[in-house]
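The values are calculated or read from the model by the stated rules, or taken from the named source; none is laboratory data. From a predicted model like this one, the values you see are computed outputs, not experimental measurements. Using ideal geometry, Cβ is built from the backbone for each residue, glycine included, and neighbour counts are taken over all protein chains shown.
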């Protein structure tokens, strides 16, 4: 039987909550289950106001709208990230400026950040890769010196911490993903976290197509109307019901993923050292979110052979991001080969092992055996 790279975890309560949502006949957004999800997130992430969205991409787009990103503004993003991190701001006409990443955590390299800031820099978007926190103290200090907001792309990092502070609570805004590949999922979904209360009311308006509909349903106005730009970013309450079933099981999810990650890390340590393979690095001041387990192979050729070796044994492992700065779109913003050498190097060598909440001991043992049989 094939071991997939990812398998959606059904945690027990999803169907029951969906049935409740159907019985209440409230399937559009901001129903009872949306409110329950907001409450769980706000309890776990103190100081943040949570708004469920249709995707993490849309949450990033909302951040761009809230910060009034305009044509000609510059937005700094790591080149080693998913396209949404850049595309959400490119849609506003911003010029994307690509930053290289650290060779240890694969997070935005704070030592190279300040050199990228110009008078046109509008915001900085660090990505907590693999759910390991960026060096946020340094990033926030640099941003503060230049008066530039920070938006955390926390698609990987829900329930991770940096120096004891929850990831997602450190920037002006942060975004979450509940895509099928994430620890907590509803298939497709996301959230915007607002850490500066001054933006809360406008965020509700932008999320509701530019209307003050949320205020109307709270009885604060007697009718609602178009008051700002916006779009339809509200998650259906049916999806929120599924998501709530996952959120209430979050301690089980995180404990199971921690056990899987720790097993990979322990059981592959000696093999990796002997083969010249690099395993993930988690700084002591970071509590990771246990989102993935990856390996950095010695070369592109070794990675290609490694993936084929696993596939021959019905095990699906995958590579990850291609550098945005040398993509077709990235080159339109001035990206050139050699601009982000660490990104170009790790992108060629990184491979992600199968890693999902419902992975069995037997499945992981099969993967471990196949990996240890490989010679670089």
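Points to keep in mind about this one:
- Identity of the residue in region 207-237, at pLDDT below 95 and assigned to a helix (DSSP H, G or I), that ends up surrounded by the fewest Cβ atoms within 10 Å (Cβ to Cβ): 217
- Residue list for region 43-67, filter: touching a residue at least 12 places away in the same chain (Cβ under 8 Å) and closer than 19 Å to residue 249 by Cβ: 44, 45, 50, 52
- Hits in region 82-116 - residues which are in contact with a strand residue (DSSP E or B) (Cβ under 7 Å, 6 or more places away or on another chain) and assigned to a loop (DSSP other than H, G, I, E, B): 94, 107, 109, 113
- Unique residue being more than 23 Å from residue 343 (Cβ to Cβ), in the same structural domain as residue 206 (by TED's automatic domain parsing), surrounded by fewer than 18 Cβ atoms within 10 Å (Cβ to Cβ) and touching a helix residue (DSSP H, G or I) at 6+ places or on another chain (Cβ under 7 Å) when the list is 27, 51: 27
- Within region 87-102, restricting attention to residues that are surrounded by 15 or more Cβ atoms within 10 Å (Cβ to Cβ) and over 19 Å from the mean Cα position of the chain (by Cα), the residue that is nearest to residue 335 (Cα to Cα) is 97.
- Test: residue in region 63-81 that is assigned by TED's automatic domain parsing to the domain that holds residue 146, in a loop (DSSP other than H, G, I, E, B) and over 30 Å from residue 344 (Cβ atoms): yes
- Per the conditions (1) farther than 25 Å from residue 148 by Cα; (2) out of contact with any helix residue (DSSP H, G or I) (no Cβ under 9 Å at 6 or more places or on another chain), the sole criterion not satisfied by residue 72 is (1).
- Residue count for region 16-42, restricted to those that are assigned to a helix (DSSP H, G or I) and either within 22 Å of the chain's Cα centre (by Cα) or free of Cβ contacts under 8 Å to residues at least 12 places away in the same chain (or both): 12
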